[in-house]
Amino acid sequence: WQGWQDLGSPITSGPAVASWGPNRLDVFSAGSDNQLTHKWWDGSAWSNWDWVGGSVQGNPAAVSWGPKRIDVFVRGTDNHLGHLWEG
């Protein structure tokens, strides 16, 4: 263990993490405005938090099923299941 690192920005949900390839981590969480936010590790540094959008309640879930493909699932404030992907 290397010790805790502060990745910044207040979050209001548990984080979800997935990896679509070597040296890559993608983290998703609800921000203080309950909008989905995203941050990634590229093998040498963390990105800034990126606003993805959508209204989230509860914890997001993220999975990767192939290179450069991430799927994220959230419960929206309308209690509907939301899905988005990149890849």
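The values are calculated or read from the model by the stated rules, or taken from the named source; none is laboratory data. The structure presented is a predicted model; accordingly, all values stated were derived computationally and were not measured. Positions of Cβ are backbone-derived with ideal geometry, glycine not excepted, and every protein chain shown enters the neighbour counts. Note: areas computed on protein heavy atoms with side chains; ligands, DNA, RNA excluded. Shrake-Rupley method; radii C 1.70, N 1.55, O 1.52, S 1.80 Å.
Between a first residue in the stretch 1-13 that is on the phi > 0 side of the Ramachandran plot and open to solvent by less than 100 Å² (accessible area, probe 1.4 Å) and a second residue that is at pLDDT 90 or above and not aromatic (F, W, Y), which pairs have beta carbons less than 7 Å apart while being 6 or more apart in sequence or on different chains? Sorted first by the residue in the stretch 1-13, then by its partner, the pairs are S9/G31; S9/T37.
Being out of contact with any helix residue (DSSP H, G or I) (no Cβ under 6 Å at 6 or more places or on another chain), open to solvent by 50 Å² or more (accessible area, probe 1.4 Å), without any contact (Cβ under 8 Å) to a residue 60 or more places away in the chain and assigned to a strand (DSSP E or B) narrows it down to one of S55, S44, S64, S29, so name that one. The match here is S55. Being crowded, with 17+ Cβ neighbours inside 10 Å, out of contact with any Lys or Arg (no Cβ under 9 Å at 6 or more places or on another chain) and modelled with pLDDT of 95 or more is a property that holds for V72.
The residue that is farthest from the chain's Cα centre (by Cα), counting only those in the stretch 2-24 that are closer than 14 Å to E86 by Cβ and not aromatic (F, W, Y), is G21.
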